[in-house]
1. Helix-derived [θ] at 222 nm for the chain: sum -39500 (n - 2.57) over DSSP H runs of at least 4, divide by residue count, nearest 500?
2. At q = 0.17, 0.21, 0.24, 0.27 Å⁻¹, what is the log10 ratio I(q)/I(0) for segment 47-122, with the Debye formula run over Cα points and no solvent?
3. Against the 2.2 N^0.38 Å scaling, with N counting residues, where does segment 181-262 land? I'd like the Cα-based Rg ratio to two decimal places.
4. Out of all Cα-Cα pairs in segment 229-294, roughly what percent, to the nearest whole number, are more than 20 Å apart?
5. Quick one: what do you get for segment 343-450 if you divide its Cα Rg by 2.2 N^0.38 Å?
6. Excluding ligands, DNA and RNA, what is the solvent-accessible area per residue of segment 139-195 at a probe of 1.4 Å, expressed in Å²?
7. What do you reckon, how do Thr197, Thr354, Thr75 stack up by accessible area (1.4 Å probe), largest on top?
8. Can you give me the P(r) profile for segment 303-380? Cα pairs, bins 5 angstrom wide beginning at 0, each as a whole percent.
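The values are calculated or read from the model by the stated rules, or taken from the named source; none is laboratory data. Source: prediction; values computed, not measured. When we count neighbours, we look across all protein chains shown, and the Cβ atoms used for this are built from the backbone with ideal geometry, even at glycine. What goes into the accessible areas is simple: the full protein's heavy atoms, side chains included, and nothing from ligands, DNA or RNA. Shrake-Rupley method; radii C 1.70, N 1.55, O 1.52, S 1.80 Å.
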Amino acid sequence: MDPVTEALNEFHRRISALKDGEVASYIPQLAQADPDDFGISITSMAGRSYHAGKADTPFTIQSVSKPFVYALALTDLGPEEMLGHVDAEPSGEAFNAISLEPGTGRPANPMVNAGAIATTALVAAADPEERDARILEWLSAFAGRRLDYDEEVYASEAATGDRNRALAYLMRSAGSLAGDPYAVTGSYFRQCSVRVTAADLAVMAATLAKGGRNPVTGERVVAQDVAVRTLAVMATCGMYDGAGKWLLNVGLPAKSGVAGGLIAASPGRFGVAVYSPPLDAEGNSVRGVAALTEMSQQFALHLMNTPVHLTATVTDTVHAARSSRARDAERTAALDGDRRLIAVVGAQGDLEFTETEQLLNAVAQAVPAAPGGMVLDLTAVTGISRGPATMINAALRDLERRGHQVAVAVQEPLLGRAEGHPGFWAATRDDAVAWCEDRFLAQAASPPSP
Ligand code: GLU
């Protein structure tokens, strides 16, 4: 057995012994759930899934649908308009609380019912059928397979969901619900009755963790900025009135539902889902919370516990480089007689702030004392974020101002973005060094007038 499955089985074995909690019964059909059902699934960024226990047992998604439908409305409306309709503040209240902003009636928290119902109403559609179809298709794209409804749970909630209907009417009277409250709550009950397994939910969470790209199907389901905002809302608002404690103890964006589903996303690492129907007093799956708490501690997953990447960004420093360019005797002699030095600093990996700060420190150490050449060999660099790119440009400009010849070697995709950046951009270190030499030769041939 592979080590990940083995670890999941170990969690599963230990946590199965927990018998606390109550299966939700306010939706009559949910009371039918087997309290012993317990499944855990993980999907990695490479799209591999690992399971323990009842990872293929279907159940209704319930509130775990909320972050995904939030992402859909956010995609339709954009961030500003979305916030105008539904705030993003943890209300610290129960899932069915009436938490509306005094005056505007705007719901505070999109992850509990009032805010979620208002969010469902914002999904662009000509009629409720189109809205339901869009939501089902959207959830299916996250799961990477065609999902369907549990019609019995839907009927059961539609017949008894008076409080949710009341919330919707209340929001309409306050002016904060778009659309007909009865139809909107119908769509909301439909969305909650979508049938999933722990295995599906792990893929859905992994899609958010991967910045909106489904790691199994490879499809970009949602834009990266929407995925990031959705994870942020999950982190602050995802766990009902237990959200603060959850962030303290587990430290991952998460969402739970009353049927016993719970997802968490470890950004850039994996998506995880647990199914176990008995709920604690806050409405979260008892075994789900226990499993995620243990996992987070064992694998150091807490978001605030980001490892410091003081790794090997700088690969090498050369103080007096020469290119392999073949040159005639005259130029070779000219270069041999030229006292100016060409320094090279090589770097690798993704350049974020920490890495760039290291790189630029190495450049500052390596730069020749008198005007010469400075080459940044970034051919092993896989990505440069926007802020770090600005830092690098500023450093290059400063070197040019100080009279240095400046060249940068980068991989092909970055080479395409060279325009407008200071320095000469080349495809290889050798070309970059040769360019500095060429500049020396050109300057020697036509010395600046005194
Ligand atoms: N359909 C459920 C309700 O609105 C979802 C609640 C939940 O999972 O928190 O009551």
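1. Details: 17 runs with 201 residues, N = 450.
Calculated at 222 nm, the ellipticity per residue is -14000 deg cm²/dmol.
2. Taking Cα atoms of segment 47-122 as identical point scatterers yields -0.67, -0.87, -1.04, -1.24.
3. Values: Rg = 14.0 Å, N = 82, 2.2 N^0.38 = 11.7 Å.
Dividing the Cα Rg of segment 181-262 by 2.2 N^0.38 Å gives 1.19.
4. Working: 293 of 2145 pairs.
Considering segment 229-294, 14 percent of its Cα-Cα pairs are separated by more than 20 Å.
5. Working: Rg = 13.6 Å, N = 108, 2.2 N^0.38 = 13.0 Å.
Dividing the Cα radius of gyration by 2.2 N^0.38 Å gives 1.05.
6. Details: 2350 Å² over 57 residues.
Averaged over the residues of segment 139-195, the accessible area is 41 Å².
7. On the way: Thr197 15, Thr354 50, Thr75 70 Å².
Per-residue accessible area, sorted high to low, gives Thr75, Thr354, Thr197.
8. Going out from 0 Å in 5 Å bins, segment 303-380 shows 3, 14, 21, 18, 14, 11, 7, 5, 3, 1, 1, 1, 0 percent.
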